[in-house]
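Worksheet: one structure, shown below.
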Amino acid sequence: MRKIPGRAIDMSKVQAVIYHMPDGQALAIPVEGLEQFIEFGLGTICDTSEVNGLVHFFPRGNA
């Protein structure tokens, strides 16, 4: 299990992280490329990995 700021998420079920940008666009980051983006900063995390393998991240001010 990896720890993302403030929450423990079972990364074995995560296929991608969806980063919701302030301008309304979303960026899908595969778990394989996640290391370079691991410092997301403050925001809200919505873990839907049990359902569809995705974790959604909404940066502060865009949650």
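Taking amide H as placed 1.01 Å from N in the peptide plane, THR44 has its amide H under 5 Å from the amide H of PHE58, ARG60, each at least 5 places away in sequence or on another chain.
For segment 14-24, the Karplus equation 6.51 cos²θ - 1.76 cosθ + 1.60, evaluated at θ = phi - 60°, returns couplings of 8, 9, 7, 10, 9, 9, 8, 7, x, 7, x Hz by residue, with Gly and Pro reported as x. Other residues lying with their Cβ under 11 Å from the Cβ of LYS13 contribute a combined charge of -3, Lys and Arg counting +1, Asp and Glu -1.
Laboratory data are not the source of any read-out in this text; all were calculated from the coordinates shown. The model shown is predicted, which means the values in this text are computed figures rather than measured ones. All Cβ positions, even for glycine, are placed from backbone atoms using ideal geometry, and neighbour counts span all protein chains on display.
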